[in-house]
1. Take K358 and tell me if it is assigned to a helix (DSSP H, G or I) and free of Cβ contacts under 8 Å to residues at least 60 places away in the same chain.
2. In the stretch 210-252, which residue that is within 38 Å of the chain's Cα centre (by Cα) and crowded, with 17+ Cβ neighbours inside 10 Å is farthest from R308 (Cα to Cα)?
3. Look through R150, R177, R158 and report the one residue that is without any contact (Cβ under 8 Å) to a residue 60 or more places away in the chain and either of a type outside the set (A, V, I, L, M, F, W, C) or within 30 Å of R96 (Cα to Cα) (or both).
4. How many residues are at pLDDT below 85, part of a helix (DSSP H, G or I) and aromatic (F, W, Y) if we restrict to the stretch 426-482?
5. Select from the stretch 420-459 the residues that are among the hydrophobic types (A, V, I, L, M, F, W, C), farther than 17 Å from R353 by Cα and buried (at least 17 other Cβ atoms within 10 Å of the Cβ) and list them in ascending order.
6. How many residues, within the stretch 59-102, are within 22 Å of S160 (Cβ to Cβ) and charged (D, E, K, R)?
7. Name the pairs: first residue in the stretch 306-335 and buried (at least 19 other Cβ atoms within 10 Å of the Cβ), second residue outside any loop (DSSP other than H, G, I, E, B) and of a type in the set (F, W, Y), Cβ to Cβ under 8 Å, at least 6 apart or on different chains?
8. Being hydroxyl-bearing (S, T, Y) and over 14 Å from V123 (Cβ atoms) is the filter here; which residues of the stretch 72-107 pass it?
Amino acid sequence: MVVPNQEPKKPAKPRKPTNPKKPARPGKSRERSFPVPVPTSPAALQIINPDAAGIDVHSDMHMVCVPADRDANPVRRFGANTVDLHEIVAWLKKCRIKTVALESTGVYWIPLFELLESEGFGVNLVEPGQLSRCGARPKTDVLDAQWIQRLHSYGLLRASFRPPDSVLALRAYWRQRQMLVRYAASDVQHMQKALEQMNVKLTEVVSNITGVTGMLIIAAILQGERDAIKLARLRDPRCGHGQDEIALALQGTWRHEHLFALRQAYDLYQFRHAQIAACDEKVKAELANFPSRAGEKTHKVKPRKRGRKSNDVRFEATGPLFKALGVDLTLIEGIDVGTALVILAEIGADVSRFPTEKHFASWLRLCPPQNESNNTNRRHRNRKGTNRVTIALRMAAQSVGRTMTPLGLFYRRIRSRIGGLGAVKATAHKLACLVYRMLKYGQEYVTQSMEEYEAKVKANMLKALTRKAAAMGFQLSPLPTP
């Protein structure tokens, strides 16, 4: 319709397609020209930490840099001995330094970090990747120290997470225990290898050679017993295989060199578990030192669904864990006492360092990475999480995926869509969010019934189908009941 008192607009002429083979006219270019912005001087960065120093930590020396106006020689090289560390502290106090940034790999930073922290300095442990992402530069020890000090003075470096001192002792004991468990697992493999070399098929008739039946038979073999029938009589009544079948598998060659290897592996296994028991005593003592966050809450003992395994802690830890955390994390499906101890030892009971549960899950590398440019998602790989909490939550997700619980149904539903690896990561992300909410807000975990979860899934599916039908111009209607 033409508006009165207004001339109709003429239709625009269609543009001719450009022929790429035809040469352009002289003096004309096919490329469109855009106005070039006038370059302006970059804004100067504001110094946030004027009393900042940077230290490049090495195994045999430390390169320290302070602001240029604090000393005539602002970059100095110190040794790594204890005397040298005290000299670093004295020089930093002389230069009126209040905060220090350390860049290091391995464990070389720990003595210097603890000494600086005890002397009242604000210490930030910086990931080496942050320095490389802030710009390319020549690489020398002096330039590295100056670059750390400069970035830290501008507030561009983010400190790595480190739990409080009250958690560090528990973390050290629990990490030592985990290392001993790994060593004991290798000793079990050595025992299995020695038995197979003697053609003793104990691993084929016993599900676990470190169980009651397996350890009794191995101990009898090392004491000189070679009669297969007498060895088979040592079986536990709960063993699945019969006495005759076990006796048939225990007829070996009994070579001396293989018996020697079996004895050494057996002794090492016993020694490792004695060391694990000593670690359990230290862990129990550290748990007793934690302040009570439970208040007037009462702890309900969760019934055990399985027997105690060889690598479980040798004391009842659910009560001390509830007192230290203020909540019972073992009520969550898939999280047992060992996983709860890992969470307490690696993070502590205070998660206020992470503003939201999304920050917490991102720190654990349980979120899909975002790599987007011009509204295009680039292909990316899942980031590997080496955090001990991440590993524990992923193992818990695998175990909960085999249960008939809402979390187990969620795991299987995601696995049908994106596969097992994605399902493990998504379920571990959900477990991390549950742990964060319980620790931050002190909320008790309420177990959701299967009926409620299935009804929620059906409601979401119906909502999605209704939306898709409306977008295509259809309307859903239920079938008549027969």
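1. The answer is yes for K358.
2. I218
3. R158
4. 1
5. Result: A423, V424, A426, A428, L431.
6. 1
7. Filtered contacts from the stretch 306-335: D328/F322.
8. If the condition is that a residue be hydroxyl-bearing (S, T, Y) and over 14 Å from V123 (Cβ atoms), then T82, T105 are the ones that fit.
The values are calculated or read from the model by the stated rules, or taken from the named source; none is laboratory data. Since we're looking at a predicted model, the values are computed, not measured. We place every Cβ from the backbone using ideal geometry, glycine too, and count neighbours over all the protein chains shown.
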